[in-house]
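The values are calculated or read from the model by the stated rules, or taken from the named source; none is laboratory data. Computed from a predicted structure; not experimentally measured. Glycine gets a Cβ as well: all are built from the backbone with ideal geometry, and neighbour counts include every protein chain shown. Quick note on the areas: whole protein, heavy atoms, side chains included, nothing else; ligands and nucleic acids left out. Shrake-Rupley method; radii C 1.70, N 1.55, O 1.52, S 1.80 Å.
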Amino acid sequence: MDEIRKDFLFITNGEISFLQRSLKELLEMAEFSTDKCNIDMSELGKREKLGTINIVDAELLIENSSSRVLLCDQCIEQGTILVLIGDADKISALSTLVTPSIIGAAFLRPINNKEVVKKLSEIMESIRKKGLRKKILIVDDSPVFLRTASEWLEDTYSVSICPSATAAFHMIEVFSPDLILLDYEMPVCDGAQFLKMLHSETVSYDIPVMFLTSRGDAATVKEVLELKPQGYLLKSQPKEKILEALDEYFIKEKMK
């Protein structure tokens, strides 16, 4: 039986701390569901679903690099976020080690538990509202573009990111996107190969795809359009143009 996703998951080093226990009790009083999970690799690896919001001490992530990578990958795959608690220097150090888009908030010690719970409640409400939004999966091998595009789209859409086409099929199962923005030029498995696999008899996902490309010459455009995607976007376009193209696509789909 699949695990039921909890609202809040506390990532611990075995025993839940006094601070975490206090937050857990306050969140449960506010009628949120909670759970805890050891940062140990084996326990994290066995867990099918993280929390919608995962609360962890920044120092714990720094000290457990392998578990940090696994946890961050799980957050990206499952579309969940981390909330960090810790000293300013530890949280600052993590900014270069963790994908910024998965950090929902950071609280510096000493913290006011009631204020933290209030902020967490606001974040949860925002997440629930975003659940009504169209879901876009961005598949691109450029970390810089993934971060930029995610920041551009997250105010309007529910966004998840994936760094390779080969890993995207698992993301599709987890995230169930309404649209895939797919980099046309990727190593190992490029956009054309991915699209063919997506629509093959063995996979048969009927998910709309728009290509992302850095080349707008006539030959490339012709090559892209021959694959019959829902459209293509130039990476060099400004934010406003990309958002406009996506809005137009979803409006047309709604009118069908």
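One residue stands out in region 9-23 among those that are of a type in the set (A, V, I, L, M) and part of a helix (DSSP H, G or I): the one that is modelled with the lowest pLDDT, namely L19. Checking each residue in region 81-120 for being of a type in the set (D, E) and either more than 20 Å from E25 (Cα to Cα) or under 23 Å from the mean Cα position of the chain (by Cα) (or both) picks out D87, D89. Residues that are assigned to a helix (DSSP H, G or I) and charged (D, E, K, R) were ranked within region 24-40; the one that is surrounded by the most Cβ atoms within 10 Å (Cβ to Cβ) is K24. Being open to solvent by 40 Å² or more (accessible area, probe 1.4 Å) and within 17 Å of the chain's Cα centre (by Cα) is the requirement here; does V139 meet it? In short, no.
C37 falls short on exactly one of the conditions (1) out of contact with any Gly (no Cβ under 9 Å at 6 or more places or on another chain); (2) more than 20 Å from R147 (Cβ to Cβ), and that condition is (1).
Just name the residue that is most open to solvent (accessible area, probe 1.4 Å) out of those in region 41-60 that are touching a residue at least 40 places away in the same chain (Cβ under 8 Å) and assigned to a helix (DSSP H, G or I). Among those residues, the one meeting the criterion is L60.
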